[in-house]
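Worksheet: one structure, shown below.
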Amino acid sequence: MNDNKIRKIKYVMLGINIFAIIFILILINTTTTLVCIDNNARVFINSLQKLPYKPTRLLILSILGSILLIFTFYLRQFVFEKNKKNILLTILFDAAISILLMKLVDFNYNGIILWVLANVVYYIESKNKYIAITVGVLLYILTTFSILDVYVNLFSLSEYINYFPKQIRQIILTFYYTLTGFNLICFIVFCVLVIQEQRGRINEINALYKKLSVANEELKQLADIKEKMGETKERNRLAREIHDTLGHSLTAISFGVDACLATLDKDPTSTKEKLQVISEVAKSGIKEVRTSVTTLRADSSEELSLSKSIIEMIEKTIHATGIKINYTIEKNFNLEKYEENAIYRVVQESITNAIRHGHASIIDINLIKDEKNNLFLEIKDNGIGCKKIKPGFGTRHMKERIESIKGSIEYINNKGFTVRAKVPLRDREKNKND
């Protein structure tokens, strides 16, 4: 609301000041013409303390100066709205033009300085603002006609007005002083509105600052909660990693040692080979546990592809335990590393459960891409199965891993135990190609 009022007052002030300057020079030209018509030139000239030089020329120059003021006002208002440097240049140009216009009327009018001051108050926001206002006020005082007339020989507007009859003289003086007084009133109202607007901005900034402070506190609280959730999530991740790694390794070692005990007397050479494989499994398990504790990715697929990592794990399990594992593993699923890790761990946990809990002797593993462009994973064993599927640590974490990569998993207890999982690949492959 204040912006509209301020803009209107600026229009009015510019109009008043331009009209006041032109009015004075028109009055001088009119008086000069009347003096010549009345043949009173000699008497009139003798009554003047100074005669203006070429009044018509002064009027033309004042019109040109007024046009320049309108042009710079247009630039500030509509072209350089956000360019503070250019706005400052236009204000300096206004100041120069205003001094020139005052000089044209021999400082009989200096209200145009208020126009420059109004722009200084509105546009300048730095510390230089107060310096500019001080200079402007001093200039306004020092350019008052009654002060300058003491030191400089100037023509007097009142001498031209006094040439007219009393009634006309009263009308001219009333109009002139009304014009100058209204200009001063507009300037005062303008300053009040600008102060109110700036105070409103300060209040708005304070309100926004309070809201920002509240939001900052809420963000800190959310950051603390997120940090705690992250710690919990990381603990759960490490627990899963260690559970999967140790569970698989210890199961393979346990069954391998049992097989070695059975063949120790009959076939020492074969037993030694199996013990060597078991030793490698143990070392691999230790390495993976260390990697998990340091929160790095704890699987052999860090350097190998998903298919090669799973095949390597299966072959080690076969050699360590003697269990038959049939597998079909396709390649190039274009998964992210964390997705490959999830699939790898599900296969690892499923093999561990089949051996440890199902006492299986045969395990079939299929990791393929189905006709709907899903990654299809199936681990099926011929073990004893279970009477009722209960969500334990391993099965629960397998479900969490698959769901974390937007997949689904199911457990089937029928002549052994089967784990089936599907993970959509279409979006992932599209993103990879992009």
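The values are calculated or read from the model by the stated rules, or taken from the named source; none is laboratory data. Fair warning: this is a prediction, and the values are worked out from it, not measured in the lab. For neighbour counting, all protein chains shown are included, and Cβ atoms are generated from backbone atoms with ideal geometry for every residue, glycine included.
What the table below lists for this structure:
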item	result
Unique match (being surrounded by 14 or more Cβ atoms within 10 Å (Cβ to Cβ) and under 23 Å from residue 165 (Cβ atoms)) among 24, 37, 9, 18	24
Tabulated pairs, the stretch 407-424, first basic (Lys, Arg), second assigned to a strand (DSSP E or B) and surrounded by 13 or more Cβ atoms within 10 Å (Cβ to Cβ), C-beta under 6 angstrom, 6+ apart or interchain	420/378; 422/374; 422/376; 422/408
Residues that are outside any strand (DSSP E or B), touching a Ser or Thr at 6+ places or on another chain (Cβ under 6 Å) and of a type outside the set (Asp, Glu), drawn from the stretch 327-350	331, 344
In the stretch 88-129, the residues that are of a type in the set (D, E, K, R) and assigned to a helix (DSSP H, G or I)	94, 103, 129
Evaluation of residue 194 against (1) touching a residue at least 40 places away in the same chain (Cβ under 8 Å); (2) in the same structural domain as residue 26 (by TED's automatic domain parsing) (one fails), failing number	(2)
Residue match in the stretch 21-36 (condition: in a helix (DSSP H, G or I) and at pLDDT below 85)	yes
Selected residue [within 23 Å of residue 22 (Cα to Cα), modelled with pLDDT of 90 or more and among the small types (Gly, Ala, Ser)] from 98, 146	98
The lone exception for residue 412 - which of (1) touching a helix residue (DSSP H, G or I) at 6+ places or on another chain (Cβ under 9 Å); (2) more than 30 Å from residue 260 (Cβ to Cβ); (3) aliphatic (A, V, I, L, M) it fails	(1)
Qualifying positions in the stretch 314-326 - assigned to a helix (DSSP H, G or I), hydrophobic (A, V, I, L, M, F, W, C) and surrounded by fewer than 22 Cβ atoms within 10 Å (Cβ to Cβ)	314, 318
Selection status of residue 50, among the basic types (Lys, Arg), modelled with pLDDT under 95, touching a Leu at 6+ places or on another chain (Cβ under 8 Å) and farther than 26 Å from residue 181 by Cβ	yes
Criterion: part of a helix (DSSP H, G or I), surrounded by 15 or more Cβ atoms within 10 Å (Cβ to Cβ) and not small (Gly, Ala, Ser) - qualifying residue of 212, 208, 148	148
Residue 77 vs. criteria part of a helix (DSSP H, G or I), under 24 Å from residue 182 (Cβ atoms) and not assigned by TED's automatic domain parsing to the domain that holds residue 7	no
Residue count for the stretch 37-50, restricted to those that are touching a Ser or Thr at 6+ places or on another chain (Cβ under 9 Å) and either closer than 19 Å to residue 97 by Cα or assigned to a loop (DSSP other than H, G, I, E, B) (or both)	3
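Here's the yes/no breakdown for (1) hydrophobic (A, V, I, L, M, F, W, C); (2) more than 35 Å from the chain's Cα centre (by Cα); (3) on the phi < 0 side of the Ramachandran plot; (4) surrounded by 13 or more Cβ atoms within 10 Å (Cβ to Cβ):
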{"residue": "78", "(1), (2), (3), (4)": "yes, no, yes, no"}
{"residue": "105", "(1), (2), (3), (4)": "yes, yes, yes, yes"}
{"residue": "131", "(1), (2), (3), (4)": "yes, yes, yes, no"}
{"residue": "141", "(1), (2), (3), (4)": "yes, yes, yes, no"}
{"residue": "163", "(1), (2), (3), (4)": "no, yes, yes, yes"}
{"residue": "179", "(1), (2), (3), (4)": "yes, yes, yes, yes"}
{"residue": "194", "(1), (2), (3), (4)": "yes, no, yes, yes"}
